[in-house]
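The values are calculated or read from the model by the stated rules, or taken from the named source; none is laboratory data. Everything numeric here is computed off the predicted structure, so don't read it as measured data. So basically every Cβ, Gly included, is an ideal-geometry build from the backbone, and we count neighbours across all protein chains shown. Just the protein is used for accessible areas: all its heavy atoms, side chains included, with ligands, DNA and RNA removed. Shrake-Rupley method; radii C 1.70, N 1.55, O 1.52, S 1.80 Å.
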Amino acid sequence: MSQYPQGPQGPYSPMKSEHPQAQTVLILGIVSLFVAPLGFVAWYMGGKAKKQIASGAPYNWGGGIQIGYIIGLIVSILAIVGVVLWIVVFTFLMAMPTN
């Protein structure tokens with residue numbers, strides 16, 4: 001049994017509201033474009049909210065929370081790739097013999 005009550009679902013049922021952390025995740029996702037570590041926070045918080053919604057929470061998965069989650073995911077992956085490339089280039093440059 002779900003911990004969230006299920007109301008009537010039909011064509012005339014009321015719209016689901018946004019998750020309480022939707023605005024926070026969206027803001028963190030946008031700010032992570034300038035401060036990359038915040039992308040991990042937006043990705044984590046958005047994923048946590050996504051799990052709550054999938055388990056039956058009466059919120060809508062869309063709008064701000066979905067956008068913030070996706071931006072956080074993309075920025076986090078790009079940050080990881082950037083760090084790995086930086087390490088590879090740095091180790092390559094340090095391994096080059098100097099004359």
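Just the residues that are more than 10 Å from the chain's Cα centre (by Cα) and closer than 22 Å to Val81 by Cβ, please, taken from the stretch 33-56. Break it down into steps so the answer makes sense when it comes.
Going through the stretch 33-56, the residues more than 10 Å from the chain's Cα centre (by Cα) turn out to be 33-37, 51-56.
Listed by number, the residues that qualify are Leu33, Phe34, Val35, Ala36, Pro37.
For the stretch 48-68, does any single residue satisfy the condition of being part of a helix (DSSP H, G or I), over 19 Å from Ile30 (Cα atoms) and among the small types (Gly, Ala, Ser)? Step through it out loud before you land on a result.
Initial filter on the stretch 48-68 (part of a helix (DSSP H, G or I)): 48-54, 64-68.
Now drop any that are not over 19 Å from Ile30 (Cα atoms), which leaves 51-54.
Now restrict to residues that are among the small types (Gly, Ala, Ser): 54.
The answer is yes; a qualifying residue exists.
So which of Trp61, Trp86 ends up being modelled with pLDDT of 95 or more and more than 11 Å from the chain's Cα centre (by Cα)? Working first, answer last.
Working: Trp61 fails: modelled with pLDDT of 95 or more.
So the residue among Trp61, Trp86 that is modelled with pLDDT of 95 or more and more than 11 Å from the chain's Cα centre (by Cα) is Trp86.
So, in the stretch 57-70, exactly how many residues are touching a strand residue (DSSP E or B) at 6+ places or on another chain (Cβ under 8 Å) and either among the aliphatic types (A, V, I, L, M) or within 18 Å of Gly82 (Cβ to Cβ) (or both)?
1
Failed condition for Ala54, given (1) among the hydrophobic types (A, V, I, L, M, F, W, C); (2) at pLDDT 95 or above; (3) surrounded by fewer than 14 Cβ atoms within 10 Å (Cβ to Cβ); (4) touching a Phe, Trp or Tyr at 6+ places or on another chain (Cβ under 9 Å), with all others met?
Unmet condition: (2).
Any residue in the stretch 59-77 that is acidic (Asp, Glu) sitting within a Cβ distance under 7 Å of a residue that is open to solvent by 40 Å² or more (accessible area, probe 1.4 Å)? List the pairs, counting only those 6 or more apart or interchain.
Note: no pairs meet the criteria.
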